[in-house]
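Note sheet for the following structure.
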Amino acid sequence: MKLPITCPSCEHNLNVSQMKCPDCGTQVSGDYELPVFLKLKRDEQDFILNFFISSGSIKEMAKQADLSYPTMRNKMDDLIEKITKLNTL
C-alpha cells in the first residue's frame with residue numbers, strides 16, 4: 001500500500017500524526033511534516049531513485065527511458081525547481 005501524501009478532500013499535503021514500532025509496539029504521536037522526498041509524486045520519487053541507481057548519469061537515464069538527453073535534462077530541471085520550492089516552504 002502506498003503512503004498517501006495529499007488530502008483526498010482538498011489536495012493539501014498531509015502530515016504524519018502517529019508512528020508505531022512493529023517490534024515493541026511503542027507509539028509516537030504528534031504533528032510532523034513529511035520529508036521533502038515523500039511530498040513528491042510516486043513517479044518523481046522513482047525518477048530520483050533511478051538517478052541515484054544510474055550513478056547520477058542523466059545520459060544513462062535518457063538511454064534507459066529511450067528519451068533524448070535534453071528531454072531528460074528538462075525533467076531533472078523541473079524536479080529540481082519543485083524540490084527547491086518545497087524545501088523553502
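Laboratory data are not the source of any read-out in this text; all were calculated from the coordinates shown. Everything numeric in this text was worked out from a predicted model, so none of it was measured. Cβ: placed from backbone, ideal geometry, glycine included. Neighbour counts: every protein chain shown.
Using helices alone, what [θ] at 222 nm do you get for the chain, with -39,500 (n - 2.57) per DSSP H run of 4 or more residues, divided over all residues and rounded to the nearest 500? Don't skip to the answer; put the middle values down first.
Values: 4 runs with 44 residues, N = 89.
It lands at -15000 deg cm²/dmol.
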Legend entry - In Hz, Karplus ³J(HN,Hα) per residue of segment 15-25 (6.51, -1.76, 1.60; θ = phi - 60°; x = Gly, Pro): 10, 8, 10, 7, 9, 9, 6, x, 7, 9, x
Legend entry - Extension gain (nm, one decimal) between Leu3 and Asn74, 0.36 nm per residue minus Cα-Cα: 22.8 nm
Inset, instruction - Find the relative contact order for the chain and round it to a whole percent, using C-alpha pairs within less than 8 Å whose residues are 6+ positions apart. - result: 16 percent
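Of Lys2/Lys41; Lys41/Lys75; Lys20/Lys82; Lys2/Lys39; Lys2/Lys75; Lys63/Lys85, which pairs sit farther than 21 Å apart, going by alpha carbon to alpha carbon?
Lys20/Lys82; Lys2/Lys75; Lys63/Lys85
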Legend entry - For the chain, size of Cβ-based charge dipole, Lys and Arg +1, Asp and Glu -1, in debye: 120 debye
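For the chain, what D do you get in µm² per second when you plug the Kirkwood radius from alpha-carbon pairs into Stokes-Einstein at 4 °C and 1.567 mPa s? Show your work: numbers first, answer last.
On the way: Rh = 15.3 Å.
So the translational diffusion coefficient is about 85 µm²/s.
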Inset, instruction - Using DSSP to define loop residues, name the GluC sites (Glu not before Pro) in the chain whose beta-carbon has at most 12 other beta-carbon atoms within 10 Å. - result: Glu11
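Longest span of the chain, sites excluded, free of trypsin sites (Lys or Arg not before Pro) in DSSP loop with at most 13 other C-beta atoms within 10 Å?
On the way: sites that count: Lys2, Lys41.
Segment 42-89 is the longest.
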